[in-house]
1. Here is a check on your reading of the model: is residue 226 in contact (Cβ under 8 Å) with a residue 60 or more places away in the chain and open to solvent by less than 20 Å² (accessible area, probe 1.4 Å)?
2. Tell me yes or no: at least one residue of the stretch 329-339 is farther than 20 Å from residue 54 by Cα, out of contact with any Pro (no Cβ under 6 Å at 6 or more places or on another chain) and open to solvent by less than 60 Å² (accessible area, probe 1.4 Å).
3. So which of 231, 260, 215 is of a type in the set (S, T, N, Q) and surrounded by 12 or more Cβ atoms within 10 Å (Cβ to Cβ)?
4. Condition first: open to solvent by 30 Å² or more (accessible area, probe 1.4 Å), part of a strand (DSSP E or B), out of contact with any Phe, Trp or Tyr (no Cβ under 6 Å at 6 or more places or on another chain) and modelled with pLDDT under 95. Can you find one or more residues in the stretch 269-292 that meet it?
5. Which count do you get for residues in the stretch 180-194 that are surrounded by 13 or more Cβ atoms within 10 Å (Cβ to Cβ) and among the polar types (S, T, N, Q)?
6. Output the residue which, of all residues in the stretch 250-261 that are part of a loop (DSSP other than H, G, I, E, B) and at pLDDT 95 or above, is farthest from residue 228 (Cα to Cα).
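The values are calculated or read from the model by the stated rules, or taken from the named source; none is laboratory data. Source: prediction; values computed, not measured. Ideal geometry is used to build each Cβ from the backbone, glycine not excepted, and the neighbour counts take in all protein chains shown. The accessibility values were calculated without ligands, DNA or RNA, using every heavy atom of the protein model including side chains. Shrake-Rupley method; radii C 1.70, N 1.55, O 1.52, S 1.80 Å.
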Amino acid sequence: MVNSISHLGVGILIGLALGLRGKKLKIVAFLSVLPDLDVIPYSVFISVSNSLTHDIRTQFFYLFGHREFMHSILFIALVTFLIWIKTRDPIFTFGGFQSISSHVYLDYITTWKMRPFYPFSTDASIIGAVYFYDPFINLLPVLPLLIMVVIGLKQRGMLNGRSNNFYNFINKIDDKLYASLILVFLLWLVFMPVSKAFLINHISGTEEAQISYQNTYPESTNKFLTAYSYNSTHYKIMKISYLSGIEKCEYIEKVSINGNIPDAPTYIERASNLYSSAVPQEIDYPVYEVSKDGGFVTVTLSDARNPYVENWAYFKSVYRFIFNEENGEYQVYASVQGGSEEKLGENWFR
């Protein structure tokens, strides 16, 4: 997830590199932020979601959820097809395709999981090779925006003096400049996933375990947080980096039972089944804590990596399943993606 200004900058950079100007450049720039307009249907979905059945709620989530259908390959194809049908302009169509694709790819390479192959597959995935605040992908796309601002001010007679040299220089090299920026940008976006693959392969060999590529998340420009199932009772959480390999590691217990609760495994299994029927599926390394208060058993489900993240929304979610021992009924409370806790509707679960 790159900031919206940088997304817009990438769209402008693509349009300028293709020689588009005027209305066509504005449309290509708009397409670079189009996928994030899914917040509009998502807001509507949230307002009516409690009145839907479980199956309809799930399908509507895939269609209208933030970073769901409007961040998919099918959506990219549909928008590109509409541009071509409307304009029959191959360069403009190619620019629109590149612009909207750049948004989806930048989100896919940086942040939490998406479903890029929906509706053909509802499996969530991510590359997660670039840090959210990576200065390169956030600042480089701003350069064409600044250039356009300077040019606009100059053409309106609002800049004089030393700005003349800059204005003349840009006019002479603009095509080469934009093409060069695009090339450098693409090389970085290819280099980072490949370098992450080498790092994961190195750590897998060191640990003699299979480290998940997509469940390894960047926590800075050159550091990642990862984990794997160390044995039947613990996960191993590791902070790794390109420079020093494994920098820190700790072990997290998979199940914690507070007190004498003979039926704890049954309640854990029930909580697990309920969670697996809901969306989104953001927890990769489930940790269960079981406690009992009177006639109620509470199963708290979280991710083993939660204690090691601060301001992330990647997977920092906690679910509390409260079961009534007498009649088997349950209620679920959750803080999803680091938000405040709220009671979930019954239609969340099958």
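1. Answer is no for this residue.
2. yes
3. Testing whether each residue is of a type in the set (S, T, N, Q) and surrounded by 12 or more Cβ atoms within 10 Å (Cβ to Cβ) leaves just 215.
4. no
5. So the count comes out to 0.
6. Checking each candidate, the answer is 261.
Yes or no, residue by residue, for (1) at pLDDT below 95; (2) part of a helix (DSSP H, G or I):
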site	(1), (2)
170	yes, yes
198	no, yes
204	no, yes
214	yes, no
238	no, no
243	yes, no
